[in-house]
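Please read the structure below before turning to the comments.
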Amino acid sequence: PCAPRPSPAAVLAEVIKAFGAPENAQRMEEARDNACNDMGKMLQFLLPVATQIQQDVIKAYGFSNDGEGVLKFARLIKSYESQDPEIASMSGKLKAMFLPPMTLPPHGAGSGGVAAS
């Protein structure tokens with residue numbers, strides 16, 4: 001019999017947990033070191049590792065075990081983000097794990113300033 005499809009939030013939580021596993025955290029750390037905060041190298045070193053970690057998790061949930069499966073998963077999550085704040089929050093957390101923090105030029109209050117409410 002077919003297993004019931006888990007909620008996207010459950011799968012997303014599994015993926016985030018996988019990134020937290022010591023061996024995966026180590027792999028991400030090494031890739032990050034190799035990339036030296038260079039955006040081009042980030043894509044070259046970090047993305048394949050991040051994709052691999054996601055594939056290992058989502059293939060158990062019926063996604064194909066390749067880049068296409070990861071893209072489908074990403075699109076599914078994106079489609080739920082607007083309806084589900086929990087998914088939006090976890091999705092942000094996941095992206096923060098393998099996307100470098102973007103250094104944006106300060107605007108408005110800047111650092112240390114108090115934002116007007």
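The values are calculated or read from the model by the stated rules, or taken from the named source; none is laboratory data. All values reported here derive from a predicted model rather than from experimental measurement. Glycine gets a Cβ as well: all are built from the backbone with ideal geometry, and neighbour counts include every protein chain shown. Each accessible area value is taken on the protein alone, full model and side chains, heavy atoms only, with ligands, DNA and RNA left out. Shrake-Rupley method; radii C 1.70, N 1.55, O 1.52, S 1.80 Å.
Residue count for the range 88-99, restricted to those that are exposed (fewer than 14 other Cβ atoms within 10 Å of the Cβ) and polar (S, T, N, Q): 1. Counting only residues that are farther than 16 Å from residue 5 by Cβ and part of a helix (DSSP H, G or I), the range 68-86 holds 8 of them.
In the range 53-80, the residues that are touching a residue at least 40 places away in the same chain (Cβ under 8 Å) form Cβ pairs under 8 Å with partners that are of a type in the set (S, T, N, Q), at six or more places apart or across chains, as follows: 73/54; 77/91. For residue 45, are the conditions met, namely being under 14 Å from residue 98 (Cβ atoms) and not aliphatic (A, V, I, L, M)? Judged against the criteria, residue 45 is a match.
Filter the range 1-12 for residues that are within 15 Å of residue 89 (Cβ to Cβ) and surrounded by fewer than 17 Cβ atoms within 10 Å (Cβ to Cβ); which is modelled with the lowest pLDDT? Looking at residues that are within 15 Å of residue 89 (Cβ to Cβ) and surrounded by fewer than 17 Cβ atoms within 10 Å (Cβ to Cβ), I get 7. In the condition set (1) modelled with pLDDT of 90 or more; (2) assigned to a helix (DSSP H, G or I), residue 97 is compliant with all but (1).
In the range 75-87, what count of residues is obtained for those that are open to solvent by less than 50 Å² (accessible area, probe 1.4 Å) and under 12 Å from the mean Cα position of the chain (by Cα)?
2
Looking only at the range 14-35, decide whether some residue is of a type in the set (A, V, I, L, M, F, W, C), exposed (fewer than 12 other Cβ atoms within 10 Å of the Cβ) and closer than 19 Å to residue 99 by Cα. The answer is no; no qualifying residue exists. Within the range 1-31, the set of residues being within 29 Å of residue 85 (Cα to Cα), free of Cβ contacts under 8 Å to residues at least 60 places away in the same chain and part of a helix (DSSP H, G or I) comprises 10, 14, 17, 18, 20, 22, 24, 25, 29.
Kindly indicate whether any position in the range 67-89 is more than 18 Å from residue 14 (Cβ to Cβ) and among the hydroxyl-bearing types (Ser, Thr, Tyr). Yes; the residues of the range 67-89 include at least one that is more than 18 Å from residue 14 (Cβ to Cβ) and among the hydroxyl-bearing types (Ser, Thr, Tyr).
Counting just the residues of the range 44-67 that are more than 22 Å from residue 31 (Cα to Cα) and assigned to a helix (DSSP H, G or I), which one comes out least open to solvent (accessible area, probe 1.4 Å)? Walk me through how you get there before you give the answer.
As a first pass, look at the range 44-67 and keep what is more than 22 Å from residue 31 (Cα to Cα): 59-64.
From the residues that got through so far, the ones that are assigned to a helix (DSSP H, G or I) too are 59-61.
Working: 59: 98, 60: 83, 61: 63 Å².
Among residues in the range 44-67 that are more than 22 Å from residue 31 (Cα to Cα) and assigned to a helix (DSSP H, G or I), the one least open to solvent (accessible area, probe 1.4 Å) is 61.
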